[in-house]
Amino acid sequence: MPTHYSHFFIKTSILFLITAVFSVVIVTPFTQYPFVFGKVIFFRTAVELALVFFLIGLASGFRPNFQILKSPLVAAVTFFVFIFSLSGFLGYDWQTSFWSNFVRGEGIFQIWHYYIFFILLVLLFLDDKSWRNILIGAIAAGFLSLVFGLPEYFSTYQIDSRFKGAIGNPAFTATYLIFCLFYITYLYPKINNKIAKILLLIAAFIFLTAIIIGGTRGVFLGLAIGPIIFIALISPIKKIIGPIGLIGLISLIILFYWQPIRIFQISFQQQTLQTRFWTWQSALKGWSERPILGWGPENFSEVFSKYFNSRHYLGPDKYSEVWFDRAHNVFIDYLVETGLLGLISYLGIWTAYYFTLYKTSKTYKSYRSYSLFLIFPIIYLVQASLLFETLPAYINLFLFLALANFYFIRSINNINLINPISSIRIINLIGL
């Protein structure tokens, strides 16, 4: 039987899970990598404390609904983490794969923390109020990361006009903010407080402005392609707009890759894209050497060095980007570092996601919510094809997948959801 003490421990565990999303705000200027080290330590500490209090709650009599863990999406995420870990232990350098380094802070040890974060969210966040709390927390963290990044932005504006925020990289900031835009769109109709709705709209405007100032073209591309696919394939008026949408999508892809034409200041001739293509070529050569489980997480730099393309070096009178520890394409990254099995397991997450979403198509109560869950992964994966996943993206990715799992189970109603914390009367942290 749950006791007063078990209720306290579970509420504390939930509080630490909400606290974990604020790791993106942390900057430690006294460390060598101020935008990475503090965030990683803060997130790990929050998740570990959440797990400790969850286990103490279990020992005190708390009983969550473990049936939820049988969902296809949870199974797919679990398989991905297993293959990710296996590839690291059997890869080129298992210690680097496990511990990573101060530059990135990723690796097996970190992915385990993301997984624990995901599982605890799945088990403990089983009503709209709980999800509203943590999503508002994620939005607030995004806003604070922008505010804390303003002094650095104005001090270096003449050097670099791209807005980085407290996350420290304009591309990573933009990726985080597209998640925030999704959370705002998801929450808006669920909130009755007019002031709260106005605040959400203001936040959305600020986030969109920051994305534009950041100038991350992969995010622009995702925001462009996602709606086109949605209109072309899913919209109720797809019979009219569908062909136009598909033509628009094909045209956009051609414009993006065709040499003479530029879109959003992107062209095949640009140095940033050229280095990406050269890096992808080296990556595929490395993958052919270890095709099944890859080189192991965090070992991409070994592949890049071994199959270095001399075209990266542009000469003594030009800036040359001659070192990469990521392929800047999430699919190629997983292919090289975790092999074909790793890429399949990653794609398996999205296969399970859309398979389950399809099952909800006959039972959803809100076409708007269904559309959101349909279109957002497209936006995310398009931008990820020109970038890679870091802590701000990983936190939101696992947060999003846990939210999707909640949405799917409730929509399909194939599992009798009993909120284990409904009798606890957990404090409404936001008061909305």
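The values are calculated or read from the model by the stated rules, or taken from the named source; none is laboratory data. Being a predicted model, the structure only gives us computed values, none of them experimental. With ideal geometry, Cβ positions are generated from the backbone for all residues, glycine too; neighbour counts draw on all protein chains shown. Protein only, heavy atoms only, side chains kept; ligands, DNA and RNA dropped before computing areas. Shrake-Rupley method; radii C 1.70, N 1.55, O 1.52, S 1.80 Å.
What the table shows:
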item: Qualifying helices (runs of 4 or more DSSP H) (wholly inside the range 286-401; at least 3 residues being of a type in the set (S, T, N, Q) and modelled with pLDDT under 90); result: 367-384
item: Lone unmet requirement of (1) closer than 21 Å to ILE83 by Cβ; (2) buried (at least 19 other Cβ atoms within 10 Å of the Cβ); (3) aromatic (Phe, Trp, Tyr) for PHE355; result: (2)
item: Pair list, Cβ < 8 Å and 6+ apart or interchain, from the range 121-147 residues that are farther than 23 Å from ILE167 by Cα to residues that are at pLDDT 95 or above and of a type in the set (Gly, Ala, Ser); result: LEU121/ALA402; VAL122/ALA402; LEU124/SER13; PHE125/ALA402
item: Unmet requirement for SER345, which otherwise passes all of (1) in contact with a helix residue (DSSP H, G or I) (Cβ under 7 Å, 6 or more places away or on another chain); (2) loosely packed, with under 14 Cβ neighbours inside 10 Å; (3) of a type outside the set (Phe, Trp, Tyr); result: (2)
item: Among residues of the range 114-129, those that are open to solvent by 10 Å² or more (accessible area, probe 1.4 Å) and part of a helix (DSSP H, G or I), counted; result: 5
